[in-house]
Amino acid sequence: MSGATTDDMSSQRRFMDISSIPTCLVESYQDVMQSFAPSVLDRTVITTEGGDRSMMMPIDSCQPANLALWSLASTFPYGVVSIDAMMEYYSLAVLFFSTKGPQTWFTHAGWVENLILCDNWNGVRCNNRTSVTELTIINNNLQGSIPTEIGLLTNLELLRLQGNVLTGPLPSTLGELTHLTTLNLGANYITGSLPSEMARLTNMNYLVVQENKLSGAVTEILQSMKQLVHFLAKTNFFTGPLPDGMVVCVHLERLDISSNNFSGTLPTELGDSSGLVQLSIENNNLSGATIPSELGRLSNLAYLSLSQTEMGGGIPTEIGNLSALRGFHISGNNIESTIPTQVGNMIALEYFEIELNRITGTLPSELGRITDLIGLKVGYNRLDGSLPSEIGNLKRLDVLDVKGNSFSGIIATEICQLNDFELS
């Protein structure tokens, strides 16, 4: 490279005028080569053409940023591609080296090998302007942290990195991805809180961070995501009151925040989320909370799980309005009411699980109208009386759990004639 002419160098400098780019891109291939060369110095200075921005870069070829610079300089022909393309290449290259791409990824076809990202890099998709809009690397053994340079992919709309071994906190630069509609980081080992900068992601539709080690509050972030359709955050360590910000998400269809450390009450405004299909809040600490009667307005709700939340109060009669409900789970709480006869109106119900509460009274005969019922679990309550013969209408019944109550009398013949079900 020492044979390059002055004219060649001048041309490169004109193309590499990057004084407006807030990242460590270099002004020439020679500079990169020089920065990686063995040296007695610990650091070298990389200066932009205008001389108004410089950085001290460690002479350590094992650093992801340095490896990305090496790859950038050795791949791009100067004067051929745009600065924007170089920034996207650099951002993805840092991600590749930060997550041990060469060592642990199961597949990395095309990564840092091909000049054109959109045609050759596995998991990378672009729009018609050749800008990266989708990055999908699922179950590919990415190990390490998501680097701050991810924020350079400013046209990204979909980011899916679920099922890997990602660790460490999330970078605040995720807030730069303002076009993002889908972020799926589920089933990793990510720690820390959701960066407050994520409140800028107002176009978000699908936010999935379940099965990580995340903590902190989420209310402020959700309050800004008014287009949210799915928020799946189960099995983390999120704390604080239930995010009342979620009630402004009028498009919300799935809300799963189970197995966290949320506290407080269920916002009654949830009843306004008319499109809600799944509401899962089990395994949280909602001591003192009750089941809002407003949930009866959720005509599209198919799955409701409030088990093991320490909720009290009763089962509201309005629950009978949930004609689309297939799963009703409130086990392991402090519910003390009777079972309203209106449950017989939930004709789509397949699982009715209310065991381990303090529910009193009798089993309503109206349960016999729910002919799709597969699991009926009412064990360990304070129920009495006899089992209604109408249970014999439940031809699909697989499990009938009534133990731990004070039922009396003879089991009706209609129930005994049911085939292939477990009675306990």
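The values are calculated or read from the model by the stated rules, or taken from the named source; none is laboratory data. Nothing here was measured: the structure is a model prediction, and the numbers come from that model. Neighbour counts run over all protein chains shown; Cβ positions are idealised from the backbone, glycine included. Surface areas here come from the heavy atoms of the whole protein model, side chains and all, with no ligands, DNA or RNA. Shrake-Rupley method; radii C 1.70, N 1.55, O 1.52, S 1.80 Å.
Remarks
- Matching residues, the stretch 264-273, being surrounded by fewer than 20 Cβ atoms within 10 Å (Cβ to Cβ), at negative phi and assigned to a loop (DSSP other than H, G, I, E, B): 265, 267
- Being out of contact with any Asp or Glu (no Cβ under 9 Å at 6 or more places or on another chain), in contact (Cβ under 8 Å) with a residue 12 or more places away in the chain and surrounded by fewer than 20 Cβ atoms within 10 Å (Cβ to Cβ) is a property that holds for residue 310.
- Residue match in the stretch 161-178 (condition: under 16 Å from residue 233 (Cα atoms), small (Gly, Ala, Ser) and open to solvent by 50 Å² or more (accessible area, probe 1.4 Å)): no
- Taken over the stretch 384-424, the criterion of being open to solvent by less than 80 Å² (accessible area, probe 1.4 Å) and at positive phi is satisfied by 385, 404, 409.
- For the stretch 206-233, the set of residues classified as in a loop (DSSP other than H, G, I, E, B) and either in contact with a Cys (Cβ under 7 Å, 6 or more places away or on another chain) or buried (at least 20 other Cβ atoms within 10 Å of the Cβ) (or both) consists of 209, 210, 211, 212, 218, 225, 226, 228, 233, listed by residue number.
- Looking only at the stretch 234-246, and only at residues there that are assigned to a strand (DSSP E or B) and open to solvent by 10 Å² or more (accessible area, probe 1.4 Å), the one that is modelled with the highest pLDDT: 237
- The set of residues in the stretch 98-109 being open to solvent by 40 Å² or more (accessible area, probe 1.4 Å) and touching a strand residue (DSSP E or B) at 6+ places or on another chain (Cβ under 9 Å) consists of 100, 103.
- Just one of the numbered conditions (1) within 21 Å of residue 228 (Cα to Cα); (2) of a type outside the set (Gly, Ala, Ser); (3) under 19 Å from the mean Cα position of the chain (by Cα) is not true of residue 154: (3).
Yes/no matrix, rows are residues, columns are (1) open to solvent by 70 Å² or more (accessible area, probe 1.4 Å); (2) in contact with a helix residue (DSSP H, G or I) (Cβ under 7 Å, 6 or more places away or on another chain):
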| site | (1), (2) |
| --- | --- |
| 284 | no, no |
| 298 | no, yes |
| 306 | no, no |
| 324 | no, no |
| 331 | no, no |
| 339 | no, no |
| 347 | yes, yes |
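- Residues being in a helix (DSSP H, G or I) and in contact with a Pro (Cβ under 8 Å, 6 or more places away or on another chain) - total across the stretch 274-302: 3
- For the stretch 362-370, the criterion of being among the β-branched types (Val, Ile, Thr) and touching a residue at least 40 places away in the same chain (Cβ under 8 Å) is satisfied by no residue at all.
- Subset tally (residues that are open to solvent by 10 Å² or more (accessible area, probe 1.4 Å), under 12 Å from the mean Cα position of the chain (by Cα) and not aliphatic (A, V, I, L, M)) for the stretch 182-205: 3
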